[in-house]
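Peer 1: I'd like to ask you about the structure that follows.
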Amino acid sequence: MSSDLDTLREHATGTSQFHRESAAENPLLPADLFEVLAADAEEGVRASVAANHAAPAELLRRLLHDSSDLVREELANNPSTPLDVLTQLVNDSDEDVRGDLAGSDTAPESVLALLAKDDDWDVRCTVARNARTPQSSLRELAVDEDADVRLNVAANLAAGSDILTTLLADSDTEVGEQAKKTLASLA
């Protein structure tokens, strides 16, 4: 009778992509198999490694340079990803990677502050609605040139009454209306 570890090893080294992805998601995966799966030809397998909270930090650092946007998106969402990797993802060429990082519940405030200055309006929108975004960044985003960014600040309960009060007089009526609704929900 084979052990669970034997089955895991068999799946991790087998020909089925589904089995390799499943093995890569397992937090009990031994270090040697993390290494094997992080070098897999299939991006879905590598992405599963990048998403695994138990993946070794050094391995996550190496996956930062993976050519697959999907792998780097999973790094952005993994709460175990080291801070130095998250900081480097701020400059990722793919806006979806930066957007995932901006929406992360575990992104540190320093990373969110950097993303609040992103060139992509959609990334800034995501930062604007993240409850962890620092007040100083929300103040900056409240005067962003893009109304959608300001609208997301207006919907953010963490923006606080001072920022929301300022948005009541926004040039875009939808932003002002949203600020009014959010202020009412704070009362």
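Read the figures in this text as sums done on the coordinates, not as results from a lab. The model shown is predicted, which means the values in this text are computed figures rather than measured ones. Note that each Cβ is placed from the backbone with ideal geometry, even for glycine, and that neighbours are counted across all protein chains shown.
Peer 1: Listed highest first by mean packing, meaning other Cβ atoms within 10 Å per residue, what order do 127-138, 54-65 come in?
Peer 2: 127-138, 54-65
Peer 1: Can I ask one more? Can you give the percent of C-alpha pairs in the stretch 112-187 whose distance is more than 20 Å?
Peer 2: When all Cα pairs of the stretch 112-187 are counted, 18 percent exceed 20 Å.
Peer 1: Rank by packing, highest mean first: peptides 28-40, 99-111, with packing defined as the count of other Cβ atoms within 10 Å averaged across residues.
Peer 2: Ranking, from highest mean packing down: 99-111, 28-40.
Peer 1: With a point put 7 Å past each Cα toward its Cβ, work out how far LEU28 is from LEU168 in nm, to one decimal.
Peer 2: Between LEU28 and LEU168, the label points sit 5.8 nm apart.
Peer 1: Tell me the relative contact order for the stretch 1-130 as a rounded percent, counting alpha carbon contacts under 8 Å between residues six or more apart.
Peer 2: 15 percent
Peer 1: Taking a label point 7 Å from the Cα of THR106 along the Cα→Cβ vector, which residues of the stretch 114-154 have an amide N closer than 16 Å to it?
Peer 2: 132
Peer 1: Under a Cβ-Cβ cut-off of 11 Å, what is the net charge of the residues other than ASP170 that fall near it, where Lys and Arg count +1 and Asp and Glu count -1?
Peer 2: Neighbourhood net charge equals -2.
Peer 1: How much net charge surrounds PHE18 when only the other residues with a Cβ under 15 Å from the Cβ of PHE18 are counted, with Lys and Arg +1 and Asp and Glu -1?
Peer 2: -4
Peer 1: Could you give the Stokes-Einstein D for the chain in µm² per second, using the C-alpha Kirkwood radius, 25 °C, 0.890 mPa s?
Peer 2: In µm²/s, the coefficient is 137.
Peer 1: FRET efficiency for GLU177 and ASP96, Cβ-Cβ distance as r, R0 = 35 Å, nearest 0.05?
Peer 2: 0.75
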